[in-house]
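Everything on this sheet refers to the single structure shown next.
The values are calculated or read from the model by the stated rules, or taken from the named source; none is laboratory data. Owing to the predicted nature of the structure, the values given are computational and were not obtained by experimental measurement. Here the Cβ is made from the backbone with ideal geometry for all residues, glycine too, and neighbour counts use every protein chain on show. To get the accessible areas, we keep the full protein, side chains included, count just its heavy atoms, and leave off ligands, DNA and RNA. Shrake-Rupley method; radii C 1.70, N 1.55, O 1.52, S 1.80 Å.
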Amino acid sequence: MTCTSCHTLPVMQPSTSAPAGEHDCSRRCTTSFALARDDGSCKRAWPESLDSVCRKCDNHGDDVIWGGLIKGLKPLFPSVDRSVYALVTDLQARGLLDNTLIVVMGEFGRSPVISSTGGRTHWFNCMSVLLAGGGLAHGQVIGSTDERGYDIRDGRVSPADLAATVFQHLEIDLTTQWTDPQGRPHPIVSDGGRPIAGLS
């Protein structure tokens, strides 16, 4: 994606509903809020610095720089929880939530069994994603896993379904194609993906 315009972000007033706190994740959510308020079409709260709290999420174990579940991941929960809550609450208070789709997710599922180094490895069978806003039907859980979290029990949603849901919110035709450097066309939504049933 190429940025076609630059934004000068105004100084944000403190949240009138729930303080997000003073940390990297809250600052990035505040920036996302400012862009949503000023009609920015797409934004990503993802920092470039490896020292950022938002980048310390690859918690495979205590043998990696970010640490495992207890040393690395647990300290991040309060800041992420407050930041996302404040973002959703502020957008709702200013009448912007229905027009803004918030997606909170990682890039991969994590194994249900904790490793010997105190972390969780890649697990492609299933993962969790949080959606808020977008005029969707919220306050629900779609799908479930078996009792051990090994695999999906019902309500399977594919990555293509999630992509279709986001593109539909952005009013992008789901039959649109993109062209690779070799000139070959590819659909933006593959594998028969459809907007997630139950959210519309």
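Go through region 85-131 and give me each residue that's among the charged types (D, E, K, R), closer than 20 Å to residue 67 by Cβ and either touching a His at 6+ places or on another chain (Cβ under 7 Å) or crowded, with 17+ Cβ neighbours inside 10 Å (or both). First the steps, then the outcome.
Within region 85-131, the subset among the charged types (D, E, K, R) is 90, 94, 98, 107, 110, 120.
In the following step, the residues that additionally are closer than 20 Å to residue 67 by Cβ were identified as 107, 110, 120.
If the condition is that a residue be among the charged types (D, E, K, R), closer than 20 Å to residue 67 by Cβ and either touching a His at 6+ places or on another chain (Cβ under 7 Å) or crowded, with 17+ Cβ neighbours inside 10 Å (or both), then 110, 120 are the ones that fit.
Do we find a residue being more than 25 Å from residue 192 (Cβ to Cβ) and either without any contact (Cβ under 8 Å) to a residue 60 or more places away in the chain or aliphatic (A, V, I, L, M) (or both) anywhere in region 118-130?
Checking region 118-130: at least one residue is more than 25 Å from residue 192 (Cβ to Cβ) and either without any contact (Cβ under 8 Å) to a residue 60 or more places away in the chain or aliphatic (A, V, I, L, M) (or both).
Might you check whether a residue that is surrounded by fewer than 17 Cβ atoms within 10 Å (Cβ to Cβ), of a type outside the set (Lys, Arg) and not in a loop (DSSP other than H, G, I, E, B) occurs anywhere in region 132-142?
Looking for residues that are surrounded by fewer than 17 Cβ atoms within 10 Å (Cβ to Cβ), of a type outside the set (Lys, Arg) and not in a loop (DSSP other than H, G, I, E, B), one finds none in region 132-142, hence no.
For region 177-200, which positions are open to solvent by 50 Å² or more (accessible area, probe 1.4 Å) and charged (D, E, K, R)?
184, 191, 194
Which pairs turn up if I take residues in region 146-161 that are β-branched (Val, Ile, Thr) and surrounded by 13 or more Cβ atoms within 10 Å (Cβ to Cβ) and look for partners that are modelled with pLDDT of 95 or more and outside any loop (DSSP other than H, G, I, E, B) with beta carbon separation below 7 Å, at least 6 apart in sequence or on another chain?
152/145
Within region 130-156, track down each residue that is in contact with a helix residue (DSSP H, G or I) (Cβ under 9 Å, 6 or more places away or on another chain) and closer than 22 Å to residue 107 by Cα.
Correct list: 130, 131, 132, 133, 134.
May I ask you to say which residue of 64, 80 is over 25 Å from residue 161 (Cα atoms), at pLDDT below 90, in a helix (DSSP H, G or I) and not polar (S, T, N, Q)?
80
Mind checking whether some residue in region 163-176 is touching a strand residue (DSSP E or B) at 6+ places or on another chain (Cβ under 9 Å), without any contact (Cβ under 8 Å) to a residue 60 or more places away in the chain and aromatic (Phe, Trp, Tyr)?
No, the conditions are met nowhere in region 163-176.
Restricting region 162-176 to residues that are open to solvent by 80 Å² or more (accessible area, probe 1.4 Å) and assigned to a loop (DSSP other than H, G, I, E, B), which is modelled with the lowest pLDDT? Give the steps one after another, and end with the answer.
Start the filter on region 162-176 by keeping residues that are open to solvent by 80 Å² or more (accessible area, probe 1.4 Å), which leaves 168, 171, 173, 175.
With assigned to a loop (DSSP other than H, G, I, E, B) added as a condition, the list becomes 171, 173, 175.
Values: 171: 93, 173: 97, 175: 96.
Looking at the filtered set, the residue picked out is 171.
I'm told residue 42 meets every condition in (1) loosely packed, with under 13 Cβ neighbours inside 10 Å; (2) more than 19 Å from the chain's Cα centre (by Cα); (3) of a type in the set (A, V, I, L, M, F, W, C); (4) at pLDDT 55 or above except one. Can you identify the failing condition by its number?
(2)
Could you tell me which of the residues 87, 96, 131 is touching a Leu at 6+ places or on another chain (Cβ under 8 Å) and within 23 Å of residue 37 (Cβ to Cβ)?
131
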